[in-house]
1. To two decimal places, what compactness ratio does segment 218-281 give when its Cα radius of gyration is scaled by 2.2 N^0.38 Å?
2. Quick check: Cα centre of segment 64-86 to Cα centre of segment 102-128, how many Å?
3. Kirkwood Rh, segment 130-263, all Cα pairs: how many Å?
4. Just how much of PHE186 is accessible, in Å², when a 1.4 Å probe is used and the result is rounded to the nearest 10?
5. Given all pairs of different Cα atoms, what value in angstroms does the Kirkwood hydrodynamic radius of segment 57-184 take?
6. Top to bottom by accessible area (1.4 Å), largest first, where do LEU25, LEU193 land?
7. Quick one: order TYR240, TYR126, TYR78, TYR289 from most to least accessible surface, probe 1.4 Å.
8. What is the ratio of the Cα radius of gyration of segment 110-180 to 2.2 N^0.38 Å, with N the residue count, to two decimals?
Amino acid sequence: MTSDSPTAAGTMPGGRRDGVWLLALWIVLSIVGCLLVALVWGPHMPPGAQSTSAASQQFDYRVLAAMATPVVVGILLYLGWALAFWRQKPGDETDAAPIHGNIKIQTTWIVGTAAIVIFLAAFGTYELIVPAGSGGGEGPQPIWKPAGTTTSSLTSWTPGTSNILQVQVIGQQWAWTYRYPQFGGFETTQLMLPVGEPVQFNVTSLDVIHSFWAYTLGVKADANPGLNDVAYTTPYHTGYFQVRCDELCGIWHGSMYDTGDVVSVANFLKWTQTTKVQLAAVTKILPPYALTYDPTSIPAGKINQALGLTSAGGGYYNPADPEQP
Ligand SMILES: [Cu+2]
């Protein structure tokens, strides 16, 4: 460090040993900064800790921010020190002594930055795979599932069992709907989840590419027409969470948001039973549950029949069309 200072001996005219001071200050400020970042700011970092995936992402951000702190502190400290003590005296037009390679600084720099980058690569890879910290869609055949879960039944669900809760997320211009195959397959605009139970989101689209972003659950998965994209999470706390579309999908993309709700298991079961009954007439005309969604597979006759109308040939029922009954 001594060669950082402007004289070869590493001392300033006043006798200050800049290198020692800088190193001591850097260590102290880095420790204080890391503690503040990890413990004070950390719990407030997005996306919060409402679910396993959100908490996992928040942990990653805390680690990354804590690792960046000594770097930022070092740069700001060096800059501040230079401004305060290494200014050129007024009227002094001479150049500083040229600096040649300093093997100590070069080695420290290369070893230090290499260690940080290699650690980040290893940490990032681990966090992406082992706890599924990314909370992202894994495509139709996920390589990772929450520990102890299976998909043993697509038609029923009981809390506390290994059979994972299925929620199909359907994106369309410009709204989200949610289908619950294990409760008779109703499709609703409400996204309800039980607390403490692992959830499997099966994300698809009716039209263009959307992206299901349950922001405060730390879940983001592309919604592609004709494709199923699977993402998992387990909510830790009850309460509302925000859903956005995160893929520019047309003129009203910005209004494609939603508020979901994590409720107690008992309330969730109550809600599924009520909703199942309320939507029974609509559920009857939906195509059978499938991992991709084809709206053209609903025969118009079935819709008209469900609405109590007599079908007049093909096509969808259009109330504005005088030709249709
Ligand atoms: Cu969208």
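The values are calculated or read from the model by the stated rules, or taken from the named source; none is laboratory data. If you're wondering where the values come from, they're calculated on a predicted model, not measured in any experiment. Cβ: placed from backbone, ideal geometry, glycine included. Neighbour counts: every protein chain shown. Quick note on the areas: whole protein, heavy atoms, side chains included, nothing else; ligands and nucleic acids left out. Shrake-Rupley method; radii C 1.70, N 1.55, O 1.52, S 1.80 Å.
1. 1.39
2. 18
3. Computed over segment 130-263, the radius equals 14.7 Å.
4. 0
5. When all Cα pairs of segment 57-184 are included, the Kirkwood radius is 20.9 Å.
6. Heavy-atom accessible area, descending, gives LEU25, LEU193.
7. Of TYR240, TYR126, TYR78, TYR289, the descending order of accessible area is TYR240, TYR126, TYR78, TYR289.
8. Compared with the compact-globule rule of thumb, segment 110-180 sits at 1.64.
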